[in-house]
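Worksheet for the structure shown next.
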Amino acid sequence: GGFQPDNAISKNRQSVAAYGAVEFNFTDWLLVDAALRYENYSDFGSTFNYQLASRIKLAENLNFRFAGSTGFRAPSIQQIYFNQTSTLFTSGQLLEVGTFSNDSQLANLLGIPSLKQETSKSASAGFTYRIPSANLLFSVDGYFTRIDNRILLTGQFAKSAVSQEAQAVYDAEGVNAAQFFTNAIDTETRGIDFVASHTAHFSDFRLENNFAFNINK
């Protein structure tokens, strides 16, 4: 089937955003970085997100740092309205599979909800330690990120598994199965970064060595 004349649509969105950030040394040992972002989408309303970070100088060569932020991503235009028919092998069978837009009649009949925004929260904390006499720098950071309502393409809804009203739409569209974009999952990522850097100076050149290790789940 591919792309057919009925797949052609014209959709649009307007958005306006304002962003501000400030970085300030309150004392010789405390630096704070803050940022705010406001955004308004014509089809998803408004969102307000922030970021806050700080660096604390615990000793001459030892610094502690942390950061926290929120995030927002509206579904893209194509995730909401993309539609086409593909010929796919499914369980050894050659089927016509339709990808239907999120606001289609079939999405409504199958109970696929309207797409909503992805949101996130993240935090990190760590330290850096320098040994000047050895030209060594160490840093360790732990981090955590949670993303809610991530948008994915669903599996296939076979014609035999839906209501008769929905089957009539399948027949009209000439498909054996249907799939949609939907807010399917929440994910969490956490981990630790470790980096060690060493610089060696010679008469005619400089040698830099870096070792990095990361473990995450």
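The calculated 222 nm mean residue ellipticity attributable to helices in the chain amounts to -2000 deg cm²/dmol, summing -39500 (n - 2.57) over DSSP H runs of n ≥ 4 and dividing by all residues.
A simple spin-label model places pseudo-atoms 7 Å from Cα toward Cβ; at Asn40 and Arg13 they are separated by 1.7 nm. What you get for the chain, charging only the Cβ of Lys and Arg (+1) and of Asp and Glu (-1), is a dipole of about 460 debye around the Cα centre. When you filter the trypsin sites (Lys or Arg not before Pro) in the range 7-69 for DSSP loop state and at most 14 other Cβ atoms inside 10 Å of their Cβ, you are left with Lys11, Arg13. Our note on the geometry: Cα centres of the range 26-71 and the range 121-188, 25 Å apart. Count the net charge of all other residues whose Cβ sits under 14 Å from the Cβ of Asn183, scoring Lys and Arg as +1 and Asp and Glu as -1. Local charge sum for Asn183: 0.
Derived scalar couplings between HN and Hα for the range 123-139 equal 8, 8, 7, x, 8, 10, 9, 10, 10, x, 5, 10, 6, 10, 9, 10, 9 Hz in order, rounded to whole Hz, by the Karplus curve 6.51 cos²θ - 1.76 cosθ + 1.60 (θ = phi - 60°), x for Gly and Pro.
Annotation: for a label point projected 7 angstrom from Cα along Cα→Cβ of Ile215, residues of the range 170-194 with backbone N closer than 20 Å are 188-194. Go ahead and collect, in residue order, the members of the range 77-112 whose backbone nitrogen is under 14 Å from a label point 7 Å along the Cα-Cβ direction of Asp6. Under 14 Å, as judged by backbone N against the label point of Asp6, lie 83-86, 97-101, 104-107 of the range 77-112. In plain terms, the chain from Thr27 to Glu208 could stretch by 61.9 nm, reckoned as 0.36 nm per residue minus the Cα-Cα distance. Heavy atoms of the protein chains alone define the surface here; on that basis the chain has 63 Å² accessible area per residue at 1.4 Å probe size.
Sparsely packed loop sites in the range 113-210 (the trypsin sites (Lys or Arg not before Pro) outside DSSP H, G, I, E and B with at most 15 other Cβ atoms within 10 Å) comprise Lys116.
Using the Cβ-Cβ distance between Asp148 and Gln51 with R0 set to 22 Å, the FRET efficiency from 1/(1 + (r/R0)^6) comes to roughly 0.80.
Surface composition of the chain: carbon plus sulfur atoms hold 54% of the accessible area, using a 1.4 angstrom probe and ignoring ligands, DNA and RNA.
The values are calculated or read from the model by the stated rules, or taken from the named source; none is laboratory data. These numbers come from a predicted model, not from an experiment. Every residue, glycine as well, gets a Cβ built from its backbone with ideal geometry; the counts of neighbours run over all protein chains shown. In case anyone asks, the SASA skips ligands and DNA or RNA and just uses the protein heavy atoms, side chains included. Shrake-Rupley method; radii C 1.70, N 1.55, O 1.52, S 1.80 Å.
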